[in-house]
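Novice: Supplied in structure tokens, the structure appears directly below.
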Amino acid sequence: MSVDNTKPWEHPEVSLSSAGKYFTGYVVTLALLGVSLLLVREHAMTAFNLLATISVLAFLTTIAKLVFLFHLDFSETQRWNTLTLMLNVPLLILSVGLTSWMFQVLFRRVMMH
Amino acid sequence: MTEVQQHWDPIFGRLTLSQVPYDNLIVCFAFFFAATLGLVILGALTYYRKWGYFWREWLTTIDHKRIGIMYAVVGTVMLFRGFVDAIMMRTQQVMAAGPASPGYLGAEHGYLPPYHYDQIYGSHGTIMLIFAATPLLAGFMNFLVPLQIGARDMAFPYINALAFWLTAVGAALTMLSLFVGDFSHAGWVGLAPLTELPYSPDVGVDYWSWAIQIGSVGTTLGAVNIITTIIKMRAPGMTWMRLPLFTWTSLTTNVIGLTAFPVLGVAIGLLSLDRYFDTHFYTTGMGGNFMLYTDLFWIWGHPEVYFIILPSWGIMSEIIPTFSQKKLFGYPVMVAATLSIGCISWTVWLHHFFTMGAGPIVNGFYSVATMLVAIPTGVKVFDWALTMVRGRVTFPTPMLWAVSAIFMQIIGGWTGMMLAIPAINYMTHNGVFVIAHFHCVVMVTVFAVIGGTTFWFPKVFGFTLHETSGKWVFWLLVGGTFIVFTAMFILGLTGMPRRLAYVPYASWWPILAIEELGVFVDIAALGAFIYQMWVSIRDRELNKAGRDPWGTSRSLEWMTHSPVPAYNFAVIPHVNARDEWAWRRDYRLHHVMPNEFKDIELPVNTPVPMFIGICSAAFGFAMIWRIWWLAIVSLVAMIAIVCLRSFGGSTGTTIPADEVRRLERLAARPSMRSRPETAIPEGVVVLGGGDAR
């Protein structure tokens, strides 16, 4: 997959990008984050529902960024990039999962019920 | 937007003349020292008419070797600053022990008022870890990785320069806090909620947070660059299991850097939102939780420990085989140990706050995970030891440093295992026992870095360092370190808390005095180091180094000339063995010079990364002082510069084959000039061709 350095446009990863995709990416992610901010500011739901909703919105934002801004998919060109990203999944599970576990135990022990 | 209670105006934000602490004698002294040194450097550049050279060869360079040297210079300057902080802290404690201790310069006890002392320990930690150790190791990785894998430069030379400038801006903002405003008094970790605006209304925390924020963007970019370089730019034949161990540790460390530094960015970003936009992420009540900050900080903080230690182990793994005249014992196990430490680094962070109250099962999990680190670390210690067994071991300065780093590693590791036990941790938490422990660990980095500097100095500058004074530096620094930290361990076991501006018990004074004595020995080591540099530079013509000044070195970087030419290798080598240079020496192929040369394409210098650095410095300064117009202007300027650069100009230059031949003939010693490629046995490829596997 080696491409001459003097012809950047022929590079398969560069040719994947398009103004439309970037624009959609910015609009979609900003909208999702804006909705989250609004929900939190207005205390629109109960605490648990709010947490669940913004977690889902955060997940959707991540997917939107990966698809529209990083152009990740399962095509031949991007297969390795997508696979490499998968290496981050255990880290995500470790950091978010262990943090949730720690704080759940902590709250049970030290907070007023 | 949060309103600050103090003075603010739209032009200068919070900045007023009264923020310059000209009434503080210590700061004035520091200012005159820095100003004099700066004037001497600027004067010398003008007098010797070196501004053009300085601009062309350094400020605008995107050559990985020069960027590596610049990283090392920034790291060394910051190391000295951090060392001065350490001297000041030790001196304050020895002067302020017991209620009868007198006070000077406006302090109740000792010579530093608590608010000033607090800023000094905050800046000592921040500087030593983020702006001294990290840039020094980044310098090593920048310089060595492309050479060790047989590449001409980094994968992204322009981003490499940008990463350097952003790191330098972080360091510069920290230094600036000395003379304009103040620095964080909340420790290098930024203890929440002390860092919140009501408890730290001054700009100190903002200096700390923006310096780290901007610097860590640089480190993240650098990590992307080094990972890509190692994966994509290896010379033909440089398979994974032939990579030098330093390159393996660089890869692991930068994977850690790439995954961990964004967490720091988020942790400090949320703090900035609290301070600037009135959110409540880290305040108790209002839905916030200050332990969330501690959690996020250490999710980065513990991997950062391995970010600092892994390349140091890589340096030791290069030095020890060279001076044992043997290949590294257990190479595959060393690689596995390096990678597994990288993985475990992500599962241990709660051991920094066992006392949070998370309960026995959570603490037990992190305790066991932390102890797991001892397995690969122990493997490494045994591998280094077994490399020396039955080797022809010699002890020039680099080897002395490497071997003493093993001992330091054992002391730091053992006390680390003690602290991994929550019961012990509860007793020593926030005590100087912890400080002594992690200083032993970071001293591994210091020893390895000084050893590595002595080892690769001739490769970088073309002449060896003065050996006798180098040994003086070694014995003085090791001796001083031993005195300081043995005394500190004793104080820790006695129960002394960390971060004390005033030590309540006069009975601790004798041990504090021993620590101070150790610091004096360390100062003598610094003196010896300056002497060593002076003698070495004075006698540089006498100590010129060839390609392999040690005669027993093993990896690819020793194949090229010292100092290394801009193109690294005239012809990209073909790698045949794990320790290619040792392999060539064994098969008498080390004198082989290429007969044919080709044009070499290299990236062209550009001032753009420096301009972006200047803009980001202005942006950081503006955010710290809340000068909104300057923040907007500098941010827009940064984006404009990036856009403008994408439009144009040539990014590459070519060195013609004839020029390469001429430079190679000049650099080669006479004995080598007449050794043509024909001396190579049939079936062996030593130069170029094919893809890296």
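The values are calculated or read from the model by the stated rules, or taken from the named source; none is laboratory data. Keep in mind it's a predicted model, so treat the numbers as computed, not measured. Backbone-built Cβ (ideal geometry, glycine too); neighbour counts: all protein chains shown.
Per-residue answers, yes or no, for (1) modelled with pLDDT of 95 or more; (2) surrounded by 20 or more Cβ atoms within 10 Å (Cβ to Cβ):
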| residue | (1), (2) |
| --- | --- |
| B:7 | no, no |
| B:17 | no, no |
| B:21 | no, no |
| B:25 | no, no |
| B:34 | no, no |
| B:62 | no, yes |
| B:71 | yes, yes |
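Novice: Which members of region B:537-567 meet the condition of being touching a residue at least 12 places away in the same chain (Cβ under 8 Å), assigned to a helix (DSSP H, G or I) and out of contact with any strand residue (DSSP E or B) (no Cβ under 7 Å at 6 or more places or on another chain)?
Specialist: B:557, B:558
Novice: Could you list all residues from region A:82-100 that are surrounded by 11 or more Cβ atoms within 10 Å (Cβ to Cβ), of a type in the set (Ser, Thr, Tyr) and out of contact with any helix residue (DSSP H, G or I) (no Cβ under 8 Å at 6 or more places or on another chain)?
Specialist: A:82, A:84
Novice: Right, next: Out of B:228, B:195, report the one residue that is over 18 Å from residue B:64 (Cα atoms) and among the β-branched types (Val, Ile, Thr).
Specialist: B:195
Novice: Next question. Which residues, counting only those in region B:361-377, are surrounded by 16 or more Cβ atoms within 10 Å (Cβ to Cβ) and within 11 Å of chain A (Cβ to nearest Cβ)?
Specialist: Across region B:361-377, the qualifying residues are B:362, B:363, B:365, B:366, B:369.
Novice: Of (1) farther than 30 Å from residue B:183 by Cα; (2) at pLDDT 95 or above; (3) surrounded by 20 or more Cβ atoms within 10 Å (Cβ to Cβ), residue B:211 satisfies all except one. Which?
Specialist: The failed condition is (1).
Novice: Right, something else. If the requirement is being of a type outside the set (Ser, Thr, Tyr) and surrounded by fewer than 18 Cβ atoms within 10 Å (Cβ to Cβ), which of these qualifies: B:327, B:380?
Specialist: Matching residue, one of B:327, B:380: B:327.
Novice: Let me ask another. Search region A:84-103 for residues being modelled with pLDDT under 85 and more than 11 Å from chain B (Cβ to nearest Cβ), and hand back the single one that is farthest from residue A:28 (Cα to Cα).
Specialist: A:86
Novice: Name every residue in region B:351-377 that is assigned to a helix (DSSP H, G or I) and β-branched (Val, Ile, Thr), in order of residue number.
Specialist: Within region B:351-377, B:355, B:361, B:362, B:368, B:370, B:375, B:377 qualify.
Novice: Is one or more of the residues making up region B:591-604 in contact with a Phe, Trp or Tyr (Cβ under 7 Å, 6 or more places away or on another chain), aliphatic (A, V, I, L, M), more than 19 Å from residue B:318 (Cβ to Cβ) and in contact (Cβ under 8 Å) with a residue 40 or more places away in the chain?
Specialist: Yes, there is a match, as at least one residue in region B:591-604 is in contact with a Phe, Trp or Tyr (Cβ under 7 Å, 6 or more places away or on another chain), aliphatic (A, V, I, L, M), more than 19 Å from residue B:318 (Cβ to Cβ) and in contact (Cβ under 8 Å) with a residue 40 or more places away in the chain.
Novice: Okay, moving on. What residue, of A:32, A:106, A:69, is touching a helix residue (DSSP H, G or I) at 6+ places or on another chain (Cβ under 9 Å), surrounded by 15 or more Cβ atoms within 10 Å (Cβ to Cβ) and within 13 Å of another protein chain (Cβ to nearest Cβ)?
Specialist: Residue meeting the stated conditions: A:106.
Novice: From B:414, B:456, which residue is under 30 Å from residue B:376 (Cα atoms) and crowded, with 22+ Cβ neighbours inside 10 Å?
Specialist: B:456
Novice: Continuing with this model, one more query. Suppose we filter region A:88-112 for residues that are among the aliphatic types (A, V, I, L, M) and within 18 Å of the chain's Cα centre (by Cα); how many remain?
Specialist: Residues flagged as among the aliphatic types (A, V, I, L, M) and within 18 Å of the chain's Cα centre (by Cα) within region A:88-112 amount to 6.
Novice: Still on this structure, I have one more. Only one of (1) in a loop (DSSP other than H, G, I, E, B); (2) within 18 Å of the chain's Cα centre (by Cα); (3) not acidic (Asp, Glu) fails for residue B:456. Which number is that?
Specialist: Only one criterion is unmet by residue B:456, namely (1).
For (1) β-branched (Val, Ile, Thr); (2) more than 12 Å from chain A (Cβ to nearest Cβ); (3) assigned to a helix (DSSP H, G or I); (4) surrounded by 24 or more Cβ atoms within 10 Å (Cβ to Cβ), each residue gets a yes or a no:
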residue	(1), (2), (3), (4)
B:259	yes, no, yes, no
B:263	yes, no, yes, no
B:270	no, yes, yes, no
B:283	yes, yes, no, no
B:291	no, no, yes, no
B:323	no, yes, yes, yes
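Novice: From the list A:47, A:64, A:52, pick out the single residue that is away from chain B (no Cβ under 14 Å), free of Cβ contacts under 8 Å to residues at least 24 places away in the same chain and at negative phi.
Specialist: A:52
Novice: Can you name the condition, by its number, that residue B:427 falls short on among (1) farther than 26 Å from residue B:340 by Cα; (2) modelled with pLDDT of 95 or more?
Specialist: Every condition holds for residue B:427 apart from (2).
Novice: Return the residue satisfying two criteria in turn: it lies in region B:340-360 and is farther than 14 Å from residue B:420 by Cα and at the interface with chain A (Cβ under 10 Å from one of its Cβ atoms), and of such residues it is surrounded by the most Cβ atoms within 10 Å (Cβ to Cβ).
Specialist: Applying the filter and picking the extreme gives B:358.
Novice: Of the residues in region B:390-432, how many are under 23 Å from residue B:488 (Cα atoms) and not aliphatic (A, V, I, L, M)?
Specialist: 16
Novice: Here is a follow-up. Would you pick out the residues in region B:450-464 that are among the basic types (Lys, Arg) and either in contact with a Leu (Cβ under 7 Å, 6 or more places away or on another chain) or without any contact (Cβ under 8 Å) to a residue 12 or more places away in the chain (or both)?
Specialist: none
Novice: In this structure, does residue B:645 turn out to be basic (Lys, Arg) and closer than 30 Å to residue B:321 by Cα?
Specialist: On the way: basic (Lys, Arg): yes; closer than 30 Å to residue B:321 by Cα: no.
When the stated conditions are applied, residue B:645 does not pass them.
Matching residues to (1) more than 30 Å from residue B:273 (Cβ to Cβ); (2) away from chain A (no Cβ under 12 Å):
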{"position": "B:300", "(1), (2)": "no, no"}
{"position": "B:307", "(1), (2)": "no, yes"}
{"position": "B:312", "(1), (2)": "yes, yes"}
{"position": "B:331", "(1), (2)": "yes, yes"}
